[in-house]
Amino acid sequence: MVDRRTFLAGTAAAGLAALAGCSGPLRPTVKVAVPWSGTELEAFRAVLRGLEPLDYRTVPVPLGDDVATVFGQHPANRPDVVLVPQPGLVDVNRGQLASLPEPANWPYGDLWHPMLVRDGRLYGIPFKITHKSVVWYRRSVLEQCGLSEPRLWSEWLEVNESLASCGIAPLAVAGADGWAVTDFFENVLAGYAPDAYRMLSSGSASLHEPPQVRTALARLGEMWAADGALYGGVAGSLTRQFADAVVQVFVHRRAAMVVAPDFAELVIREFVDDTSDVGVFLFPAIDDAGLAPATRPLVVGGDVAVVVSKDDTANAHDLVNRLAATNAPDRWITEFGGFLAANQDARPPYSEQLCGLASDIRQADERGAGNVQFDLSDRLGAIGGSGGLGRALQDFLERVGGRGAGVDVDREAARVVDELAGMEG
Amino acid sequence: MALLANGLRIEVVGREITGRPVPGKPRRSYGPYLRGLPALALMSVLLVPAAFTTVQAFRSDSGIWGNFVAVFQDQDALRAFGKSLIWVGVALAVVVAGFVVALASRRVPRVWRVLSPLVIFPFGVAVLVSGAAFRLMFDPTPERGTVTALVEFFFGGSPQWLGPQLFWVVLISAFAWTWLGYAASLFRAGLDAIPDDLPRTVKAEGVRGWRRLWTVELPLLRTIIGVVTLTLVVAAVRLFDLVLIGVPPSMHDDAEVLSLFWWRSPSNDGRRAALALLLFAAVALVAVVGVRGLRRSWALPDRISTDSGAGTVAPKRSALALAVAVLIGLLWALPALVLVATALHDPTSAGLYGWWRPAGIGLESLSAVLAAGLGQALLVTLLIAVLATVLVVIVGAVTAHLLAWGGLPQWLGRAALTGFAIMAVIPVQMYADPLRSVLSDVWLGASPLSLGIVHAAAGLPFAVLLLRAAFAAVPPSLIAEAVHGQATQGWAIAQVSRQCWPALVAVAVMEFVLVWNDFIVRFLIGGAGSTPQSLVLWGEARQFATSAGPVAAAAVLSSVLPVLLLLATWSTVVRGLTVGSAP
């Protein structure tokens, strides 16, 4: 019979060990920091389960928007693998990353190489790529009003006008999420002035400097200011988040289309019963920009798997290698959707819409690396985030949305540029 | 000893000591001061980072006041100040409303007995949860939002509740829902403790209505008014979680109160430290004023007598009061009903349609959120809360006994009281940045142990104030032997604690509930990877409207324990909170 003192001392010791956060597992753990939450996190867990059996336990750590904070932490507390949502962070933090062996055939195309390789060493393996120049729409609505998918910006403006006169709100804008309005603007800028976009992307100009930024903003304002163009008006658009916008187009059937990246398919698969009405068209080229021929913008983002350098990274390297396999994300693609593999050798069972998007990226990359642009917000630093450019665009939406002829779009665009200049100055 | 003289027998008769023993001057040992060391050690966890922040606030490129000048010249900062001031007004309105409710509740005693758990339980619910509930209710989509659907049904069109013009309705409703019950309960306890004959005497002398209220009840309730106003005003100035979750991120600009403005300021900036210091100064001012008011007080009797003997006039039944009471009960139960009903739908139906649709009822949301790690998060939270509560009760009792009976010089006692009052309201912003950088550099990190200690340090001042008031009200004969050195101080503390057990229970329950429901400390200080339940809820809420199912499920699961605990012990907690302090 254990006497009381020994029992209490034992309990206290066990309690202290638990309190200090010791985990005494029998298998080693690999902590994977991911920017996903909700359904995407579930999908990633399914991917990890699909990699089993493993010699170690994988623990996803959802960090949301704070993934960058991982690199400021004490080494013992850092996760082992990080899925970095902004590829620019890999280069900035490469001092804390372990270098990875470069795959023999480099199946990721030309667009990733400059950002992930430095001094001949590879610091990250791309896992997921996001196609951001996509507009999702309800096929039945366009058929009903006798319209077809717009290929040019002017056509799109006309389609919106017809829809509004047909009695259907054309656009559901997700104004509550800064990144959604930023993506919209970046598409317009990349289509209207690809050179300016490239200048901003490489860091040789600040956001408020190129004059094309102001004209691109004015173009965007034209679309937003059209009478009845925004479902829910300004107040509705400013409080609507991305997933809600998708749901209101396809389930509640209140609007006709939404500008959303490819991972809108996740939301659609979760909430929409009958997906035969779901259509997709690529973001139109801007035809009156004086560019001949007018080229469609192609803005992409992605998630890169990196290994944090620590004493023992063997398991982490193993996990990253397994994630780099062509069939690793298959469970995400088949069960959840909304995933485009960065590995261009992969031919996963995409849905019809995503198949088109994947081949679009591949073809553009084959034509030349300059045809594919990475998301600007990553390259612009602090101002590119939702606090800077996102906030300015939300203010722009509030001032311009749905006002019709009663607003001077050029002047409002100039105000936005001044606001951006003030943020950077 | 007797003396006989001229047939007169003179005896010396002993008399029981009355009044508080006055410590004799020569007896100034160091024992008492040693007992103040645990409190000092625990408070230094917060005081040292706060000192760092203060130093940083005064360090700038343009002289000592450079940062403050920059803050006052910033239009956004001034707007944030203004909004915080408006919220102070809201808090005062809630205090007044609570008093009115307490007055009216005396007319409907039976209904009040049923109503009071409904009105009190929001206090046990985390601010994050109440913000989530109200954002769900005010969802602008008519298919989903309760209020939107009702307004559309009756008026044929509903405004955008979460939009730039009306989001404040959502926030103020959530704030009032949480705090009104607390205020009303405490006021009701105070009103009940006024001896019956006093108002009757005054009434017989012809003083009625408002004058009676002004001359009799209000002065007697000064302590409680002080406590309630202090708590509510501090809560209003430090508003953070509610704004963070109650409105979409695009509205954070418009809803920006001071603490939110601080959060959005770039870190490593002297101005951020200056903002924290200004926030601290504002609440400290309120605290000092409140403590001064608390010193002149009416000592309430220990037991609240509910004698309804002959001679007590039955309260007038009022149909109006009954109707209002029922309405209030329904209103108060609605957010909880919305949360529970939404949690009991599967994620797809909850994200698309409102809780009133029978289709889609199931437990999938609950299982989804448990699979996302909520179960372990709840255990971690339990660990943190228990650790913090135990630390606060033990260190608080020792320190309170020292302040009440330890024989400290009077100036030191008063200074300590004021110090604790100020520390009780210190905002997280004063110590968050330095603590976070320290914790992320140390191998222990933001583990349950370190977070528990931080929470304990934050909760200690309030506990000390409360316990000291309770201990000082104890009759001195109880511990006369300890004071005169014939028994150990430990025995004295045990005796006093046994006598004042309602206050100890009140402190323990309040600390547990507050730490369990905390969000801001873990959000600002806990680093990546520490996952108490509030952070899991916050993670689920990123795409709010379509994740209504998991969000509601997480909210419900994390509220069960504190609400049950609070409801089970509420009468004891009220007794503990309203014990008077002898001057």
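The values are calculated or read from the model by the stated rules, or taken from the named source; none is laboratory data. These figures come from a predicted structure and were not determined experimentally. For neighbour counting, all protein chains shown are included, and Cβ atoms are generated from backbone atoms with ideal geometry for every residue, glycine included.
Structure notes:
- Extreme residue, nearest to B:Ala506 (Cα to Cα), among residues of segment B:349-388 that are in a helix (DSSP H, G or I) and away from every other protein chain (no Cβ under 14 Å): B:Leu378
- Residue within segment A:400-407 that is among the basic types (Lys, Arg) and within 21 Å of A:Asn187 (Cα to Cα) present: no
- Breaking point among (1) away from chain B (no Cβ under 14 Å); (2) in contact with a Phe, Trp or Tyr (Cβ under 7 Å, 6 or more places away or on another chain), for A:Gly384: (2)
- Screening the candidates B:Phe175, B:Phe167 for the property of being touching a helix residue (DSSP H, G or I) at 6+ places or on another chain (Cβ under 7 Å), within 14 Å of another protein chain (Cβ to nearest Cβ) and at pLDDT 90 or above yields one hit, B:Phe167.
- Filter result (surrounded by fewer than 20 Cβ atoms within 10 Å (Cβ to Cβ) and in contact (Cβ under 8 Å) with a residue 40 or more places away in the chain) within segment A:332-342: A:Glu335
- Filter pass, B:Ala51 being among the small types (Gly, Ala, Ser) and within 24 Å of B:Ala458 (Cα to Cα): yes
- Checking each residue in segment B:516-569 for being of a type in the set (A, V, I, L, M), farther than 15 Å from B:Ala126 by Cβ and part of a helix (DSSP H, G or I) picks out B:Leu524, B:Ile525, B:Ala545, B:Ala548, B:Leu567, B:Ala568.
- Residues of segment B:367-396 classified as over 18 Å from B:Leu514 (Cβ atoms) and either in contact (Cβ under 8 Å) with a residue 24 or more places away in the chain or surrounded by 18 or more Cβ atoms within 10 Å (Cβ to Cβ) (or both), total: 7
- Of residues in segment B:497-548 being of a type in the set (Phe, Trp, Tyr) and within 11 Å of chain A (Cβ to nearest Cβ), the one surrounded by the most Cβ atoms within 10 Å (Cβ to Cβ): B:Phe544
- Here A:Asp277 passes the criteria (1) out of contact with any Gly (no Cβ under 7 Å at 6 or more places or on another chain); (2) crowded, with 18+ Cβ neighbours inside 10 Å; (3) among the charged types (D, E, K, R) except the one numbered (2).
- Restricting attention to segment A:157-171, the residues that are touching a residue at least 24 places away in the same chain (Cβ under 8 Å) and either buried (at least 20 other Cβ atoms within 10 Å of the Cβ) or at positive phi (or both) total 6.
- Of all residues assigned to segment B:140-162, at least one qualifies as being within 14 Å of chain A (Cβ to nearest Cβ), in a helix (DSSP H, G or I) and among the acidic types (Asp, Glu).
- Evaluation of B:Thr54 against (1) over 24 Å from B:Phe280 (Cα atoms); (2) under 29 Å from the mean Cα position of the chain (by Cα); (3) of a type in the set (Ser, Thr, Tyr) (one fails), failing number: (1)
- Test for A:Ser201: is it within 10 Å of another protein chain (Cβ to nearest Cβ), touching a helix residue (DSSP H, G or I) at 6+ places or on another chain (Cβ under 9 Å) and part of a helix (DSSP H, G or I): no
- Any hit, segment A:336-350, residues being within 21 Å of A:Thr58 (Cβ to Cβ), out of contact with any Lys or Arg (no Cβ under 7 Å at 6 or more places or on another chain) and in a helix (DSSP H, G or I): no
For (1) away from chain B (no Cβ under 14 Å); (2) of a type in the set (A, V, I, L, M); (3) in a helix (DSSP H, G or I), each residue gets a yes or a no:
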| site | (1), (2), (3) |
| --- | --- |
| A:Ser359 | yes, no, yes |
| A:Gln363 | yes, no, yes |
| A:Gly370 | yes, no, yes |
| A:Gln394 | no, no, yes |
| A:Ala405 | yes, yes, yes |
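The rows are residues; the columns are (1) touching a helix residue (DSSP H, G or I) at 6+ places or on another chain (Cβ under 7 Å); (2) surrounded by fewer than 18 Cβ atoms within 10 Å (Cβ to Cβ); (3) over 30 Å from A:Thr326 (Cα atoms).
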| position | (1), (2), (3) |
| --- | --- |
| A:Ser133 | yes, no, no |
| A:Arg139 | yes, yes, yes |
| A:Glu143 | no, yes, yes |
| A:Trp153 | yes, no, yes |
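- Residue match in segment B:126-134 (condition: on the phi < 0 side of the Ramachandran plot, more than 14 Å from chain A (Cβ to nearest Cβ) and part of a loop (DSSP other than H, G, I, E, B)): yes
- If you go through segment A:30-44 and keep only what is among the aliphatic types (A, V, I, L, M), more than 8 Å from chain B (Cβ to nearest Cβ) and within 18 Å of B:Val369 (Cα to Cα), you end up with A:Val34, A:Ala43.
- Candidate set: segment A:157-183, residues that are in a helix (DSSP H, G or I) and within 14 Å of chain B (Cβ to nearest Cβ); chosen: the one nearest to A:Ala225 (Cα to Cα): A:Val181
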